[in-house]
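Worksheet: one structure, shown below.
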Amino acid sequence: MSRLVHVLRAGRLPYQRALKLQQTIANQLLQQAKYPQDTKSHTSPYSNVLILTEHEPVYTIGIRTRGYDDTEERRLRALGADFVRTNRGGLITFHGPGQLVAYPILDLKHFQPSVRWYVCHLERTIIELCKRYGLQAQTTADTGVWIEDRKICALGIHASRYVTTHGLALNCDIDLNWFRHIVPCGLVGKSVTSLVQELHRPGLDVGSVSEEFLDCFRHTLECDLLPLGEESRKELMDGI
């Protein structure tokens, strides 16, 4: 099986459009897995795609919705952010400008057919990236990647027949005040941080950090990365 992953730089997207983009690619992978002898599916350029994006301000909640009813939704929307309920794992978090969001849409049968293996390797990718910036990051009993008791990267995934959607969100130069209005990921007493806050180094925007992220992703998952062709990119983006 090929470990080729196409990279789709989607720019800044509203969260709902990113969801549709993920589902379009995931459906293609599921069809390809179901009908592997179908020549048209087999040659699809959408197989194994890593989406890189930023979002407009949005609070998202996973399948565990504890504490966030319609009243809370209205309160958060009043702050100027969108609010979206999803099928990923985890509780509530925030996405916004200055945060690198990566959605690997992968058929894990091309890698290792194990969700646990996959999550572990996503965590290792971020730990290696932080190391390159001189930061000691780690995993804990709580999800995500941490610097001491400060979460720098949130993870929440979904897998259907070993095809993955959702992914990770790394805080680069995001406005952390948005997180003060929620209990991020349901973890009381823990805080959220960013690369800029830890390093006191302005200019670490999503564009510059994404290059290091891609290199860490390539090494950790032992895959080849190739930019998605412009024609395929346009077809996907126009479809959402």
*Compare the Cα positions of Ser232, Gln28, Val196 along the charge dipole of the chain (+1 at Cβ of Lys, Arg; -1 at Cβ of Asp, Glu; about the Cα centre) and return the one farthest towards the positive end.*
Gln28
*asked:* Cut-off under 26 Å on the C-alpha distance; same-chain residues fewer than 8 positions from Lys131 excluded. Which lysines are left, in chain and number order?
replied: Lys151, Lys190
*asked:* Which one, Leu129, Ala141, Thr164, projects farthest toward the positive side of the charge dipole computed for the stretch 122-178 from Cβ point charges (K/R +1, D/E -1)?
replied: Thr164
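All other residues with a Cβ under 15 Å from the Cβ of Ala159 taken together, and with Lys, Arg as +1 and Asp, Glu as -1, what is their net charge?
Working: positive: Arg88, Lys109, Arg116, Arg161; negative: Asp107.
For residues surrounding Ala159, the net value is +3.
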*Taking the Cα centre of each part, how many Å lie between the stretch 109-164 and the stretch 166-186?*
16 Å
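What does the accessible area per residue of the chain come to in Å², with a 1.4 Å probe and no ligands, DNA or RNA counted? Intermediate values should be presented prior to the final figure.
Details: 11370 Å² over 240 residues.
On a per-residue basis, 47 Å².
The values are calculated or read from the model by the stated rules, or taken from the named source; none is laboratory data. The structure displayed is predicted, hence computed values, not measured ones. Heads up, the Cβs are rebuilt from the backbone with ideal geometry, glycines too, and the neighbour counts pull from every protein chain shown. Heavy atoms of the whole protein, side chains included, go into the accessibility calculation; ligands, DNA and RNA do not. Shrake-Rupley method; radii C 1.70, N 1.55, O 1.52, S 1.80 Å.
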